[in-house]
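Shown next, in C-alpha cells, is the structure this report addresses.
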Amino acid sequence: MQKLTDQDIAQCLLKDEKFSCNLINSCIQEAADNNLRRDWQNCLQNSQQMQKQVFDAMNQKGWYSPAKADMQQMSQAQNQFSQNQMQ
C-alpha cells in the first residue's frame, strides 16, 4: 500500500480550501439575512487565510509554483474586467 507524503496531504488541503472558499462564497450570495451573510463572510475570510497559509508552505517547499502572470495578459484582463463593469 502506498503511503501519502506530506506533499500529497498539502495538495489535498489546498484543494479542499479552494473548494470551501467557492462553497462559502455561494452561501454568501444566497444569504438573505444580514447577520447570516456576515457570519459567512467571516468564514470565507478564515478559509482564505488558511488557503494562503497552505499555499505559502507549499510554495516555500517548491511543491506548488504557479506560473508568473505576463504583464500584457494582466493588462488585457484588467481592461476586459473594466469594460464588463461598465456594461
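The values are calculated or read from the model by the stated rules, or taken from the named source; none is laboratory data. In this text, all values refer to a predicted model and were calculated from it rather than measured experimentally. FYI the Cβ positions are ideal-geometry reconstructions off the backbone, even for glycines, and counts take in every protein chain you see.
Quick notes on this structure:
- Only one of the numbered conditions (1) free of Cβ contacts under 8 Å to residues at least 24 places away in the same chain; (2) touching a helix residue (DSSP H, G or I) at 6+ places or on another chain (Cβ under 7 Å); (3) basic (Lys, Arg) is violated by Lys18, and that is (1).
- Those residues of the stretch 39-69 which are in contact with a helix residue (DSSP H, G or I) (Cβ under 9 Å, 6 or more places away or on another chain) and either outside any helix (DSSP H, G or I) or over 24 Å from Leu13 (Cβ atoms) (or both), in sequence order: Trp63, Tyr64, Ser65, Pro66, Ala69
- If only residues of the stretch 50-71 that are of a type in the set (Gly, Ala, Ser) and free of Cβ contacts under 8 Å to residues at least 40 places away in the same chain are counted, the one that is surrounded by the fewest Cβ atoms within 10 Å (Cβ to Cβ) is Ala67.
- Test: Asn35 is assigned to a helix (DSSP H, G or I), modelled with pLDDT of 95 or more, polar (S, T, N, Q) and loosely packed, with under 11 Cβ neighbours inside 10 Å: yes
- Those residues of the stretch 3-24 which are of a type in the set (A, V, I, L, M), surrounded by fewer than 17 Cβ atoms within 10 Å (Cβ to Cβ) and within 19 Å of Gly62 (Cβ to Cβ), in sequence order: Leu4, Ile9
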